[in-house]
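A.B. asks: Take this structure, written in structure tokens, and hold onto it; I'll ask about it next.
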Amino acid sequence: MEWEVVVGLEIHVQLSTESKIFSGSSVRYGAPANTQANLVDLGYPGVLPVLNQQAVHMAIKFGLATQSEISARSVFARKNYFYPDLPKGYQISQYELPIVRGGHINISLDDGGNKTIRITRAHLEEDAGKSLHDDFHGLSGIDLNRAGIPLLEIVSEPDMRSALEAGRYMRKIHTLVRYLGISDGNMQEGSFRCDANASVRPKNEDKLGVRTELKNLNSFRFVEKAIDFEVERQISVLEDNGQVVQETRLYDSEKNETRPMRGKEEANDYRYFPDPDLLPVVIDKNLIDQLRRELPELPDDKWERFVAEYKLSPSEASVLISNQASADYFEVVAEASSGSAKTALNWMTGSLAAALNREDLAIEKSKVDPIDLATLINRAEDGTLSSKLAKTVFEALWEGEGTTDEIIQTRQLQQITDSNAIENLVEKVIGAHPEQAEQFRSGKNKVLGFFVGQVMKACEGKANPEQVNSIVRSMLKAQ
Amino acid sequence: MEKEINKKTLTQLAEGLRQGQFSSEELTQYYLERIDLFNGKINAFITVTREEAIQQARAADKALAAGKSGPLTGVPIAHKDIFCTRGIKTSCGSKMLDNFISPYDATVVKRLKDAGAIMVGKTNMDEFAMGSSNETSFYGPVHNPWDHDRVPGGSSGGSAAAVASKLVSAATGTDTGGSIRQPAAFSGVTGVKPTYGRVSRYGMVAFASSLDQAGTLTQTAEDAALLLESMAGFDRRDSTSLNEPVPAYYDAIHEPWQNLTIGVPDNFFDEGLDPDNAQAVKDALKIFEKLGAKIKDVHLDHLDLSVPVYYVVAPAEASSNLSRFDGVRFGHRSKNVKNLNEFYMQTRGEGFGAEVKRRILTGTYVLSAGYYDAYYLQAQKVRKLISNEFMRIFSEVDLLAGPTTPTPAFKIGQKTDNPVEMYLNDIYTIGAPLAGLPALSVPCGLVQGLPVGLQLIATHLDEARLLKAAHYFQKETDWHLHIPPGYDERER
């Protein structure tokens with residue numbers, strides 16, 4: 001039988017606010033345990049939550065960027081359950097009335113087409129703390145630094161039909177939230193987390209199959225691999241006339257498999273009700289308009305512009321815009337240099353990428369300023385530098401020896417294009433090698449290369465190679 | 001030190017301090033002695049903060065001498081033990097918090113401290129403010145100073161009894177369904193519950209967040225105005241506090257009488273109301289008529305629904321609010337548990353009393369999947385109806401008046417076996433908090449030697465009118481000046 005894969009994703013995005021969603025505590029990552037939890041985060045008797053406006057603004061920006069409806073009135077609810085790292089015994093989240101509803105984004109498919117993935121909703125909520133089970137000799141430790149960190153939970157419709165599409169969607173959301181400046185998207189630090197709901201059904205069947213929820217998918221690759229594994233598993237269960245059990249499964253990246261998660265299944269009546277400590281969030285049109293004006297150029301718009309303005313291929317543009325810093329770097333180089341955008345891109349994918357790779361740096365940390373790279377390209381274009389020397393200058397830039405022009409100046413790397421100067425050089429070289437000159441005259445054209453090499457050596461590579469070539473040839477012939 | 005300080009009101013004490021008639025230290029010492037002398041009989045205090053009070057009093061005397069005094073500088077008061085007080089036990093009447101020393105001051109505590117008031121202690125209360133008799137306290141029942149076999153009312157029973165017996169001239173309280181007004185009526189003091197959001201809830205241990213409101217228990221409406229002026233106002237730490245200016249209540253109540261229309265709901269005078277209690281209230285209404293008020297009969301269509309609505313909404317919120325008491329970060333923690341489930345069950349099983357458990361169970365039930373719509377959602381709809389009805393009535397009248405309770409104080413133990421009968425005691429007081437309205441109770445008579453209260457209800461943020469009416473009533477009557485037998489200064 002032919003099977004169709006159905007996937008929906010729930011993505012938790014940590015918003016990059018200054019402070020927590022309901023308290024003034026810092027949200028800095030990696031601080032010593034419980035040093036970033038105040039009385040509100042600890043759920044002390046009598047304390048009350050106060051909503052962080054910045055988090056609301058960030059959620060609205062996400063909604064605007066995904067053509068969603070921004071709820072004029074949204075409501076925080078309490079999700080009640082007991083767990084030691086949940087200080088109040090409830091999580092403040094949004095339930096019936098989320099702040100963002102009914103949007104979509106487009107993902108590109110391998111056949112060159114696009115696909116729309118609908119976004120059901122995105123809601124604001126607070127993160128829980130962390131239970132630590134090691135190092136406490138049979139006891140558990142609790143770190144509440146993370147408790148109260150603002151999250152935007154983005155829920156998609158089950159619109160994806162493969163692990164690949166799920167991966168594309170997730171990357172697209174990741175790119176988007178970073179463009180919007182609402183999250184650093186750091187997956188190692190848990191700023192961008194994903195759960196997947198996956199099911200299979202016979203091709204052409206309308207009814208959805210029984211789904212499982214996959215957790216612990218903390219990289220793009222793991223999302224794809226976990227879904228692939230799970231789909232295979234479900235198909236083999238069904239083909240053996242078995243039934244898929246609706247359950248939560250944990251992905252084990254080391255074994256590349258999913259396993260049922262035990263324990264948390266039984267009690268999931270969360271007794272949601274509107275949180276009486278918080279007023280409904282009322283958003284007026286003026287705020288929405290203001291935030292719309294603050295939106296940066298979005299990835300899709302940038303992609304179109306890069307293809308149209310810089311004549312990049314669709315895939316080149318995609319690679320560039322997937323990382324806003326790369327796109328920005330590219331644009332500075334392309335705008336400041338006289339060469340083609342392709343030249344700028346070649347430098348970025350060539351020398352720059354190699355240097356960044358070598359030192360394991362992100363492009364934001366590049367030791368070569370894009371303006372210097374643009375100048376470098378200009379000096380190569382106007383003939384000041386040979387392409388070989390241009391690479392030398394790039395390395396010098398990377399080592400921090402100064403600006404492009406300073407390096408050319410101090411190292412005296414200007415290309416020699418003065419014909420008289422080159423003729424003098426060539427004359428000396430021919431004079432010094434009468435034997436080889438004789439060989440040329442007797443028809444051995446190969447020694448031409450020898451002379452060119454000797455001239456370049458004599459000038460430390462600075463002479464324009466094409467000029468050297470023709471001058472060597474004509475002077476040898478003239479003899 | 002002059003005689004009969006205990007007869008002085010908060011206002012008179014503040015004035016006496018400013019005039020130098022006595023020092024704050026003398027005054028504080030005086031009340032601490034009265035607490036030593038009488039608290040054993042009524043159990044009004046859970047904690048007496050002797051050293052801190054004396055220290056604060058000395059500082060107050062310096063401030064007074066330097067002419068740097070606030071409106072309440074040097075006056076001893078008490079806080080209901082529901083308010084967090086920095087460095088001092090804040091038990092909320094529960095074993096769960098018997099070991100809890102609050103690391104911070106509630107906004108109410110801080111504001112009164114800033115106004116110069118001296119805290120002499122924390123008063124007894126029903127556990128987590130759940131009760132109408134002060135019998136659910138982990139620290140034992142409070143005895144009504146008018147009759148030690150009777151309850152003082154609840155949940156602010158300790159504050160009411162302390163003020164009634166003049167162990168302190170004023171105290172804070174909280175009202176969720178009547179927890180200030182009902183004990184005020186039973187104990188013969190003036191109890192004011194302001195508009196929901198008028199006073200910050202920050203630092204007040206939450207019972208039912210959409211109903212809880214801090215207020216005052218004092219001898220007179222004038223005292224209440226003085227105290228409330230320092231307590232009220234917007235607090236950025238409480239999103240539900242109202243960002244509205246606080247009127248000068250004390251000045252407002254001394255303005256000339258202006259005629260007003262007082263609505264009297266006929267269904268406040270139903271068969272459940274004790275006839276003598278009813279007569280006392282009717283006599284009180286005559287005083288208002290004499291002052292020139294117009295009395296108008298009105299009808300509250302949904303009054304009978306207010307008790308059931310309340311006992312769905314309040315336990316629902318409480319069941320969630322009390323989840324934080326899990327023994328993980330503070331409070332009681334059970335020992336010798338084998339796993340996490342046992343940890344929760346034993347900690348909460350040991351830490352909470354029967355009434356609190358009953359309400360957590362009720363609240364959990366009404367929020368459960370399958371019951372939410374039928375109970376919680378339905379209750380919220382009816383609550384809206386009740387609220388709308390009050391709004392409609394307040395377009396016709398300035399105040400509503402009626403009895404605070406159906407009977408005078410009942411005997412300790414009389415209703416503990418019948419929760420529903422206990423809950424019905426709140427019938428007249430529950431409407432105002434459901435609609436977020438300000439209301440108060442003033443003493444309006446003695447029935448078989450026990451005080452009874454007149455309740456006045458106003459529209460939102462109309463505390464000034466409410467307090468002014470009560471103040472003019474107290475200028476015409478002396479019920480608020482009675483001291484329970486045995487608590488006069490001569491008895492020392």
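The values are calculated or read from the model by the stated rules, or taken from the named source; none is laboratory data. Keep in mind the model is a prediction, meaning the values are calculated, not measured. In this analysis, Cβ positions are derived from the backbone assuming ideal geometry, glycine residues included, and neighbour counts consider all displayed protein chains. Heavy atoms of the whole protein, side chains included, go into the accessibility calculation; ligands, DNA and RNA do not. Shrake-Rupley method; radii C 1.70, N 1.55, O 1.52, S 1.80 Å.
A.B. asks: Post the alpha-carbon centroid distance, segment B:74-111 to segment B:222-286, in whole angstrom.
C.D. replies: With segment B:74-111 and segment B:222-286 each reduced to a Cα centre, they are spaced 26 Å.
A.B. asks: Moving on. What whole-number distance in Å separates the alpha-carbon centres of segment A:1-24 and segment A:141-174?
C.D. replies: Spelled out, the Cα-based centre of one part sits 2 Å from the other.
A.B. asks: While we're here: Whole angstrom only: what separates the Cα centroid of segment B:161-193 from the Cα centroid of segment A:424-460?
C.D. replies: Each part reduced to its Cα centre gives a spacing of 112 Å.
A.B. asks: Ok, one more. Would you kindly give the portion of the calculated P(r) for the protein assembly as shown that falls above 39 Å, as a percent of all Cα pairs?
C.D. replies: I get 56 percent for the Cα pairs in the protein assembly as shown exceeding 39 Å.
A.B. asks: Further question: Can you pull the percent of segment A:3-288's accessible area that's carbon plus sulfur, 1.4 Å probe, other chains left in place?
C.D. replies: Using a 1.4 Å probe with all protein chains present, segment A:3-288 comes out at 47 percent carbon and sulfur.
A.B. asks: Follow-up. Kindly provide the trypsin sites (Lys or Arg not before Pro) of segment A:432-479 that DSSP labels as loop, not H, G, I, E or B, and whose Cβ sees at most 16 other Cβ atoms within 10 Å.
C.D. replies: Sites meeting the loop and neighbour criteria: A:444, A:446.
A.B. asks: May I pose another question? Treating the beta-carbon of each Lys and Arg as +1 and of each Asp and Glu as -1, no other charges, what is the dipole magnitude of the protein assembly as shown about its Cα centre, to the nearest 20 debye?
C.D. replies: 860
A.B. asks: List the relative contact order of segment A:17-91 as a percent without decimals, with contacts defined as Cα pairs under 8 Å and 6+ residues apart.
C.D. replies: In percent, rounded to a whole number, it is 24.
A.B. asks: On to the next question. Note down the magnitude of the dipole of segment A:297-411 about its Cα centre, charges +1 on Lys and Arg C-beta and -1 on Asp and Glu C-beta and zero elsewhere, to the nearest 20 debye.
C.D. replies: For segment A:297-411, the charge dipole is close to 460 debye.
A.B. asks: Using only C-alpha positions, report the orientation-averaged shadow area of the convex hull of chain A, nm², one decimal.
C.D. replies: If you wrap the Cα atoms of chain A in a convex hull and average its projections, you get 33.3 nm².
A.B. asks: Using only the alpha carbons, work out the radius of gyration and Dmax of segment A:330-479 in angstrom.
C.D. replies: Cα radius of gyration and Dmax of segment A:330-479 are 18.7, 58 Å respectively.
A.B. asks: For segment A:419-478, place one equal point scatterer on every Cα, skip the solvent, and apply the Debye formula. What is log10 of I(q)/I(0) at q = 0.13, 0.16, 0.19, 0.26 Å⁻¹?
C.D. replies: Values, matching the q order: -0.26, -0.40, -0.57, -1.08.
A.B. asks: With 20 Å bins from zero, work out the P(r) of chain B over every alpha carbon pair and list the percent per bin.
C.D. replies: Over chain B, the share of Cα pairs per 20 Å bin runs 26, 60, 14, 0 percent.
A.B. asks: At most 15 other Cβ atoms within 10 Å plus a DSSP loop assignment makes a site exposed; report the longest stretch of chain B without any exposed GluC sites (Glu not before Pro).
C.D. replies: Looking at chain B, B:5-270 is the longest stretch - no exposed GluC sites (Glu not before Pro) with at most 15 other Cβ atoms within 10 Å.
A.B. asks: List the residues of segment A:48-64 that lose 40 Å² or more of accessible area once all protein chains are present, compared with their chain alone (1.4 Å probe, heavy atoms only, no ligands or nucleic acids).
C.D. replies: A:48, A:50
A.B. asks: Computed on protein heavy atoms with a 1.4 Å probe, what is the summed buried accessible area for the chain pair B and A, in Å² to the nearest 100?
C.D. replies: By this definition, chains B and A bury close to 2800 Å².
A.B. asks: Let me have the relative contact order for segment A:3-288, percent, based on Cα pairs under 8 Å that are six or more residues apart.
C.D. replies: 25
A.B. asks: Determine the per residue accessible area of segment A:104-233 with all protein chains present and a 1.4 angstrom probe, expressed in square angstrom.
C.D. replies: Averaged over the residues of segment A:104-233, the accessible area is 44 Å².
A.B. asks: With the Cα gyration tensor of segment A:1-148 in hand, give its eigenvalues times 5 under a square root as the equivalent ellipsoid semi-axes, listed largest first in whole angstrom.
C.D. replies: Each semi-axis is √(5λ); the values are 33, 21, 15 Å.
A.B. asks: Also: Just from the alpha-carbon atoms, what are the Rg and Dmax of segment B:328-468 in angstroms?
C.D. replies: Radius of gyration, then largest Cα-Cα span, for segment B:328-468: 20.4, 63 Å.
A.B. asks: A further question follows. Return one number: the angle in degrees, 0 to 90 and rounded to the nearest 10, between the long axis of the Cα atoms of helix A:285-294 and the longest principal axis of the Cα atoms of chain A.
C.D. replies: 20
A.B. asks: Provide, in order from the shortest bin, the percent of all Cα-Cα pairs of segment A:297-411 in each 5 Å bin, continuing until the bin that contains the maximum pair distance.
C.D. replies: For segment A:297-411, the binned pair fractions read 2, 12, 24, 24, 18, 12, 6, 2, 0 percent.
A.B. asks: In this model, which of A:79/B:357; A:88/B:415; A:88/A:215; B:8/B:110; B:122/B:415; B:80/B:110 are farther than 22 Å apart at the alpha-carbon?
C.D. replies: As for pairs spanning more than 22 Å Cα to Cα, those are A:88/B:415; A:88/A:215; B:8/B:110; B:122/B:415.
A.B. asks: When the Kirkwood hydrodynamic radius is evaluated over all pairs of different C-alpha atoms of segment B:228-350, what value in angstrom, to one decimal, is obtained?
C.D. replies: One decimal place: 20.4 Å for the Kirkwood radius.
A.B. asks: Obtain the radius of gyration and the Kirkwood radius of segment A:64-217 from its C-alpha atoms and give Rg over Rh.
C.D. replies: Ratio of gyration radius to Kirkwood radius for segment A:64-217: 1.01.
A.B. asks: Leaving out ligands, DNA and RNA, and with a 1.4 Å probe, what % of the accessible surface on chain B is carbon or sulfur?
C.D. replies: Here it works out to 50 percent.
A.B. asks: Based on Cβ point charges of +1 for Lys and Arg and -1 for Asp and Glu, what charge dipole magnitude is obtained for segment A:3-288 about its Cα centre, in debye rounded to the nearest 20?
C.D. replies: 600
A.B. asks: Across segment A:424-479, how many lysine pairs, 8 or more apart or on two chains, come within less than 18 Å at their alpha-carbon atoms?
C.D. replies: Count of close lysine pairs: 6.
A.B. asks: Another question about this same structure. What lysines could a cross-link reach from residue B:290, if we take a straight Cα to Cα line under 20 Å and drop same-chain neighbours fewer than 8 places away?
C.D. replies: Here the lysines satisfying the reach criterion relative to residue B:290 are B:282, B:468, B:475.
A.B. asks: Normalising by the residue count of chain B, find the relative contact order in percent from Cα pairs under 8 Å and 6+ residues apart.
C.D. replies: 18
A.B. asks: Can you give me the accessible area per residue for segment A:261-389, using a 1.4 Å probe, in Å²?
C.D. replies: 54
A.B. asks: Let me ask something else about it. If you keep only loop residues by DSSP, which GluC sites (Glu not before Pro) in segment A:315-364 have at most 14 other Cβ atoms within 10 Å of their Cβ?
C.D. replies: A:359
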